[in-house]
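Below is one structure; the comments refer to it alone.
Since every read-out is calculated from the coordinates, none of them should be taken as a lab result. In this text, all values refer to a predicted model and were calculated from it rather than measured experimentally. Heads up, the Cβs are rebuilt from the backbone with ideal geometry, glycines too, and the neighbour counts pull from every protein chain shown.
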Amino acid sequence: MTSKIIGTGSYAPAQIVTNDDLSKIVETSDEWIVSRTGIRERRISLEEGTSYMATEAAKKAMENAGVHVDDIDIIVLATTTADNCCPAGACEVQAALGAEKAVAFDIIAACSGFLFGLNVVNSFIQTGIYRTALVIGADHLSKLVDWTDRGTCVLFGDGAGAAVVQASETGIRHMVMGSDGSKGSILSCVARTGGNHFNGNVPELGYLHMNGQEVFKFAVKKVPECVSQVLAGANMDVEEIKYFILHQANYRIVEAAAKRLRQPLEKFPMNMDRYGNTSAASVPLLLDELNQEGKLKQGDKLVLAGFGAGMTWGAAVMEW
Ligand code: ACO
């Protein structure tokens, strides 16, 4: 017994912010951003919070899968930007959906979050504890971005993607995930003050801070490495894979992964030009786009892979 993705959905805020829009608030240009990252525009949430975006994506995924809300046994929301410390975003999604039977909790693994969530629900399903799951990746990174820092503010966008995962004879063949906390400082968002009311410092969340070159080096090594590892674990050859659906941080990272895996770039769909890096949402947002475009046929072999703050990484190989 394994589990299978039987439906997908996504949500992106209506507000489009182009590179030219950003060049009016920081010293940058469309040419610099496109040539370094492949990003042309991103969606920025004005009104929508993480739980709202996650709920909308989840509704579409359930509709696409043809499952009823009462079928959902577990909701896992991968996010680093929950609207509140508590209740968990997943509980807010559960309430908004009316998924009364489901257990709901969040996972923080930054841009690897959707892969971590998928691995968690796959494990529950494999052991027979649950049968039908909702895995959602949603992030509202625009609230953590320092809009005066051109090194980071041009990279990120907001959005959500979701998948319904159900027990099945075919589907996920293998998954890997990993963490290296010793590299935590290369991509972080720490409390601005480490205090409490007794020492006079009210804790506040800081801004996202990134050593871009170190993150880049980490990603171009780790992404192909974990893709090779997951394929080896499934006893599959890289040639069998139709699409490699990678975290959408930067087209140069995707290009480098394609080169290291010796696979044509056409097998690596990208949409960061329109959404930027949406963190935990990026992999399910792209998966949903391919699904809605009818590009995924039954039996297709897919690899999903992500990397992110922590540092963390994860990959899955599956049959559609
Ligand atoms: N516009 C114009 N110039 C800029 C900008 C900008 N937006 N940002 C930086 N620069 C300047 C820098 O100040 C620097 O100028 P200097 O040479 O005068 O000092 C110059 O451009 C080069 O800066 P670098 O940081 O060396 O640029 P690099 O080629 O490394 O590209 C980038 C930066 C795009 C951030 C790249 O390092 C990268 O993509 N890293 C990986 C980022 C990533 O994947 N993040 C997501 C991780 S996981 C997660 O999503 C949470």
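Give region 16-38 a look and list any residue that's surrounded by fewer than 18 Cβ atoms within 10 Å (Cβ to Cβ) and either touching a His at 6+ places or on another chain (Cβ under 6 Å) or of a type outside the set (Val, Ile, Thr) (or both), or say none. Passing the criteria: ASP20, ASP21, SER23, LYS24, GLU27, SER29, ASP30, GLU31, TRP32, SER35, ARG36. Is at least one residue of region 141-152 crowded, with 22+ Cβ neighbours inside 10 Å, of a type in the set (Ser, Thr, Tyr) and not in a helix (DSSP H, G or I)? Scanning region 141-152 turns up no residue that is crowded, with 22+ Cβ neighbours inside 10 Å, of a type in the set (Ser, Thr, Tyr) and not in a helix (DSSP H, G or I).
Go through the residues of region 272-286 one by one and say whether even a single one is at negative phi, touching a helix residue (DSSP H, G or I) at 6+ places or on another chain (Cβ under 9 Å), assigned to a loop (DSSP other than H, G, I, E, B) and crowded, with 18+ Cβ neighbours inside 10 Å. Yes; the residues of region 272-286 include at least one that is at negative phi, touching a helix residue (DSSP H, G or I) at 6+ places or on another chain (Cβ under 9 Å), assigned to a loop (DSSP other than H, G, I, E, B) and crowded, with 18+ Cβ neighbours inside 10 Å.
The set of residues in region 1-60 being among the hydrophobic types (A, V, I, L, M, F, W, C) and within 13 Å of the ligand (Cβ to nearest atom) consists of LEU22, ILE25, VAL26, TRP32, ILE33, VAL34, ILE39.
What tally of residues in region 239-262 results from selecting those that are part of a strand (DSSP E or B) and away from the ligand (no atom under 16 Å from the Cβ)? Walk me through it before giving the result.
Pass one, region 239-262, residues part of a strand (DSSP E or B): 243-246.
With away from the ligand (no atom under 16 Å from the Cβ) added as a condition, the list becomes 243-244.
Looking only at that region, the number is 2.
Checking each residue of region 147-168 against the condition of being in contact with a helix residue (DSSP H, G or I) (Cβ under 8 Å, 6 or more places away or on another chain) and farther than 22 Å from THR278 by Cβ gives at least one match. Among the residues of region 279-317, those that are closer than 27 Å to LYS183 by Cα and either charged (D, E, K, R) or in contact with an Asp or Glu (Cβ under 6 Å, 6 or more places away or on another chain) (or both) comprise SER279, ALA280, ALA281, MET311.
In region 95-113, what residues are within 16 Å of the ligand (Cβ to nearest atom), assigned to a loop (DSSP other than H, G, I, E, B) and in contact with a strand residue (DSSP E or B) (Cβ under 6 Å, 6 or more places away or on another chain)? Walk me through how you get there before you give the answer.
Of the residues in region 95-113, the ones within 16 Å of the ligand (Cβ to nearest atom) are 107-113.
Next, from what is left, pick out any that are assigned to a loop (DSSP other than H, G, I, E, B): 108-109.
Listed by number, the list holds a single entry, ALA109.
Suppose the filter is touching a residue at least 60 places away in the same chain (Cβ under 8 Å) and within 27 Å of ASN211 (Cβ to Cβ); does GLY128 pass it? Here the answer is no, as GLY128 does not meet what is asked.
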